[in-house]
Structures are given as structure tokens and as C-alpha cells.
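First the structure, in the form of C-alpha cells, and then the observations on it.
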Amino acid sequence: MEINYLKILWNETYEALMKKRIFIVCNTKSESHITVPEQSKIATEYFSDDEFEEIASMFAALDIPMDFFTYEDNFIRHILNNPNEKWSDYLVYNAAQSGFGPGRKSLIPSFCNLHGLQCTGSNAYVVSLCRHKYHVNKILSQHGISVPETWLYFHGWNTNGVPPNGKKVIIKPIYESASIGIDRDAIQIYDPHIDELINKKMHIHRQPILVQEFIEGYEAETPIIRIENETYSCGPVGISVDNEPLLGDNFLDYERIYFDKYTFYNFEDLFRQTADINKCAKTAANILGIEGLGRIDFRIKPDGSFYVTDVSTNPHFVSHSSVSFAFKKRGLNELHIAKTVLGATIKKGDKNDRVL
């Protein structure tokens, strides 16, 4: 990550940032509006009260006026009920994703675009696209990015066929993150009898199911920052389970994510040559059109070959996150993360003004 570039970003956007107000729109576990019991695991993606306090403190350190909304409806009603407000004076930090199925995380970016508010992160289309794991896999594959073999199941197998018998696979709901729907039975050796399990998961989660070649080895998350036509990699951050960097056939299931039963480490301590991973992360972000802070996730075999397994347009940057780890590794802190996220949003607004 080019710290000098970040310093330029902070300096260039400081004056504009000090004239803004911030709306924080996010969901919290304690104020969840989920009403369907079998979908309650979606709250894994919501902030705990402690995490919410972290985010609020992070932005408060900038000494900028803030307002908070823990439910999208409340934020939307606030905007609609104040039609004479000058919304160009506001920045919206969005981490909200109530509802079910595709597109739920795109509501606030789309609404902000309609009403002239600057919103952090990627636009509504890119946010929705990157939540569809199968589409992301096929788009990246078409551009020569290494990805695991992947199959799609929705009321039967898609036209690209079925996994070969004996293939070790991982079964994932197609629209979810934070390992929602990924339990201990997610890893299987495929044979046609597994179709019953896949079909059951499809009905439980009310969405198509991704069946993907499972890559044994290491796991790393690579935060990226993409501003205008420049993309920077923060470097791969390794994930350790039970203090073991080499996961082998282990993986982050729902329970481990929910209870933070994993830690981070500097992946470069194991693999000194990570230039190709950084290049791949930046290329993937460019292809998908991710804006601002994002993240590209990898599984890496012991021989160093790597595969993009997932992407995020809005990764968490609380203290227990790969983003926070990557910044701290470079001597930066939470305030620098906040300035980067909001500075990138101001830059995006400047670019859109030039286009118009």
C-alpha cells in the first residue's frame, strides 16, 4: 500500500471533508429488524453494539457532525421528510443490508444516487454484482483470473453441468457473506447423493447455491483501495484458525465468524513473494469496478498457487478485521481508515461532477 498516496489523498480532501456532515447507516444485532427465524443468521453481518461504538468513535475522531440510523427505512424517511435540505453537504457511510436475497445491500447506494448524496463504497450495480458469487467467479475467469471450478444449483444443476464424482467441494449460498449458511457440512466429496443436501440448503436460504472446488491450504484477505483509475493493495492478510496459519482442509464456517474464532497474521512472513497476489487483487477490483475500500479473498495452496474465492465491496474495518490489521501493520490507525474511506468518497464525487 502506498502510504504516500494516502497522505496526498488525506491532504487533498481535508478541506472538503471538514465542511461535511456524516450519516452513518448500518444495522446492529441489538436492533435487528429480521422477522423470519430461519434467516436470522443474516444478523452475523450486522455490527455488535461494541463494533458500532468502534465505528462511531472512528468517525467522531474527525470532529465532524454525525447522525446515526440503524435501519434503512428510518434513514430514507429522514431524507424524504426534509426535501429542502442541502444533501450535497453530507457523506453517507453505508453498512446496511436489511432484507433478503439479492440487492439488499444496494438499496442505500441507489437511494443516495437518486437524491444526490455521496455514499461510501461502490455504486449500486457493482455492490449487487459482487454479491452474486457465481457471476463474479465467471467474470474473473473470463479475464484470466485464477478461480476455483464452480457450479450453480437452483432447482437442479445449471447448464455448466455438475461436479465430477470424487471432487472435494464447498457449498455456499450465493448471495451471502460472513460465512452465512456455511456450516461444518459445507465441505463434501461430491457424488449424486449430495444433491439432496444442496437442494435442502437452497430451500433453507431461499436462493441459488454455489458449489465450488475446495482449495486446501492457506487463506488470505487482501484489502484494496481503488480511487479513480488508481488501485492499491494493502497486501494479503493471513487467516489463522487455532493458531495454525496452514488451514489445510479447515475453513471459516458460520460459528467461527460469529464468535471471532480466528486471528490474522502477516502473510508475507510465510510467502515473501506476494507481488502476484497483490497484482491479482488489483486486477480483480478493476475488472469488477469496485470503488473506495474493498477486499479480495484468496485460498492459496502450499506450492504458492492462489485462487480468488470471494470479493467484498464493503469490508468491515473494526479492530478485528483484515483492514485494521493491514493499516496497523503500516503504522496507521483507525483515524487513517476513516479519512481514507471518506476521502475516497469525496474523490468519487469529484469524478462524477467532472463527468456531468
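The simple Förster model, with R0 at 30 Å and r as the Cβ-Cβ distance, assigns I76 and E230 a FRET efficiency of 0.35.
Amide H contacts of M66: I22, each under 5 Å away and 5 or more positions distant or on a separate chain (H built 1.01 Å from N in the peptide plane; Pro and chain starts excluded). Think of each Lys and Arg Cβ as +1 and each Asp and Glu Cβ as -1; about the Cα centre, that makes the dipole of the chain roughly 880 debye.
Within the same chain, aspartates and glutamates fewer than 8 places from K138 are excluded, and of the rest, those with a Cα less than 17 Å from its Cα are E149, E213, D297, D310. The Cα center of region 109-177 and the Cα center of region 226-280 differ in position by 20 Å.
Bridge orientation summary for the chain: considering DSSP beta bridges with both residues in this region, about 75 percent are antiparallel. Checking Cβ-Cβ separations below 4.7 Å across the chain identifies C26, C130, C234, C280 as cysteines lacking any candidate disulfide partner.
Counting every C-alpha pair in region 244-356, the share spaced more than 16 angstrom apart comes to 69%.
Step through the table entries K279/K348; K105/K301; K261/K339; K301/K339; K301/K347; K7/K261, compare each Cα-Cα distance with 27 Å, and write down the pairs that go over it. From the list (K279/K348; K105/K301; K261/K339; K301/K339; K301/K347; K7/K261), the Cα-Cα distance tops 27 Å for K105/K301; K261/K339; K301/K339; K301/K347; K7/K261. Between E53 and H135, the modelled labels are 3.9 nm apart [label points 7 Å from Cα along Cα→Cβ]. On full extension, the segment bounded by D63 and E216 gains 50.5 nm, given 0.36 nm per residue less the C-alpha separation. For the chain, adding -39500 (n - 2.57) for each run of n ≥ 4 DSSP H residues and dividing by the number of residues yields -10500 deg cm²/dmol at 222 nm.
Under 5 Å from the amide H of T309 lie the amide H atoms of D297, F298, R299, each residue being 5 or more positions distant or on a separate chain, with H modelled from the backbone and absent for Pro and chain starts. In this label model, N160 and S146 are separated by 1.8 nm, measuring between points 7 Å along each Cα→Cβ vector. Summing charges over all other residues whose Cβ lies under 14 Å from the Cβ of I287, with Lys and Arg as +1 and Asp and Glu as -1, gives +3.
Subtracting the Cα-Cα distance of E15 and I287 from 0.36 nm times their residue separation leaves 94.8 nm of extension gain.
Which one, N314, N84, N165, has the greatest fluctuation when you compute a Gaussian network model over the chain with C-alpha springs under 10 angstrom? Looking only at N314, N84, N165, the biggest GNM fluctuation is shown by N84.
Where a number appears in this text, it was derived from the coordinates with a stated rule and is not lab data. Not measured: the values here are computed from a predicted model. As a convention, Cβ positions derive from the backbone with ideal geometry for all residues, glycine included, and neighbour counts pool all protein chains shown.
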